[in-house]
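Worksheet for the structure shown next.
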Amino acid sequence: MSGQSAWPPGWLVPDWPAPAGVRGVFTTRAGGVSRPPFDSMNLGSHVGDQPEAVAANRARLQQAIGAQAIFLNQVHGCEVQILQTGTPDGLAADACLTTQRQLACTIMVADCLSVLLTTRDGRVVAAAHAGWRGLAGGAESADGGGVGGQGVLEAVYASFSALAHAGRSPSAIETIAWLGPCIGPGAFEVGEEVRATFASVQPEAVRFFVPAGPGKYLADLPALARLRLRALGVTQVYGNDGSAAWCTASQMSRFFSHRRDAGVFGNGFGTTGRMAACIWRV
C-alpha cells in the first residue's frame, strides 16, 4: 500500500499496473472535519453525522482527486449504474462504471470490500461494493431482482466488458482489479447460512470459512472475491490479501468499522463513518 504526498497521510493509492490515465485512491479516517465518533473524514451522509461536515469532507475529497466523485445509495444488491456527465448522487446501486474523464466511480465502505476495475488501455473504469450479500448473489436488488450466484462482481463485469470490448470478443486478461481494505478473516464472523450460500455456487469456497464455534465461521472476504473474479477469468488481482494491514476492524485509528464500532458505542447500529474507494480517468 502506498501514499501520495498531496493527500492526507494514510490515504491509500492502489499499487497495481494501471494505465497512465487511470487514478485510484482509498480514503481513511484522516483529513476531514467531522467530530467523534465520525472523526474525521466521514463521507457517509446516512450515518448521523452533521450534514455540513459530510459536505465539507466530500468537497475535500473532490478537490484532492481533481475529479467529481459520484456517490451512490448502496443497498447490498447487484445494480450497476453507468456514470455520465450530469449523473446525480444518490442513485440506488452497488457498482458503477464510466468511460468519461474526470468522473470518479465512488464506493463507500466501513467493513465491506471495495473492488476497483480498469482495462489495460484505460478506456473503462469501474467500482463495486462487495459485502457478503452482494458478493454471494441472490440478494434483493433495488428493482427486486437478484439471482443466486450472480452477484455484484458478475453484474459489474458484464457491464464493464460490454463497454470495454464493444464490437469484439471480451477478454478478461485485459482487466485489472484492486481490492481495498475490509473486515479481515480474523474478525468477520458469519453463520452457516453464509457459508452454504457461497458453497452452493462454488464448492471450493468452503476453504475460506474457518470454524469459530457451533454454526459460526470466520470468513475471508477478499479471498472469496478473488475466487469469484478468477471464475470470471480475471486473474490480475492486486491489493487486499487478507493480512492484518488491510483489516478495517482491527485498526481503529486508521479505518472506520461498522462491526467494531457497534460494540464500542453500544448502540448495535455501527455508529461510525464511511470511507471511499474512487477510480477515475484523468
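State, as an integer percentage, the relative contact order of region 19-167 based on alpha-carbon contacts under 8 Å between residues 6 or more apart.
RCO, region 19-167: 19 percent.
Over the chain, what is the mean sequence separation of C-alpha contacts under 8 Å (at least six apart), divided by residue count, expressed as relative contact order in percent?
Rounded, it is 23 percent for the chain.
How charged is the neighbourhood of Arg23? Take every other residue with its Cβ under 11 Å from the Cβ of Arg23, and add Lys/Arg as +1 and Asp/Glu as -1.
+2
Order the peptides 199-206, 218-225 from the highest to the lowest mean number of other Cβ atoms within 10 Å of their residues.
Peptide ranking by packing, descending: 218-225, 199-206.
Using a 7 Å offset from the Cα along the Cα-to-Cβ direction at both Glu174 and Lys216, what is the distance between the two label points in nm, to one decimal?
Taking the two extended label points, one gets 4.8 nm.
Determine the gain in length on full extension of the stretch Ala20-Gln150; use 0.36 nm per residue of separation and subtract their C-alpha separation, reporting nm with one decimal.
Using 0.36 nm per residue and subtracting the Cα-Cα distance, I get 43.6 nm.
What is the distance, in nm, between label points placed 7 Å from the Cα along the Cα-to-Cβ direction at Gln84 and at Ala166?
1.1
I need to check one value: relative contact order of region 60-112, counting alpha carbon pairs closer than 8 Å and at least 6 residues apart, in percent.
Taking the mean separation of contacting Cα pairs over the length of region 60-112, I get 39 percent.
Highest mean first, what order results for 96-103, 272-279 on Cβ atoms within 10 Å?
The most tightly packed comes first, giving 272-279, 96-103.
Report the gain in length on full extension from Gln63 to Leu91: 0.36 nm times residue separation, minus Cα-Cα distance, nm rounded to one decimal.
7.9 nm
No lab work stands behind these numbers, since they all come straight from the coordinates. None of the values given here were measured: they were computed from a predicted structure. No Cβ is skipped: glycine too gets one built from the backbone with ideal geometry, and neighbour counts run over all protein chains shown.
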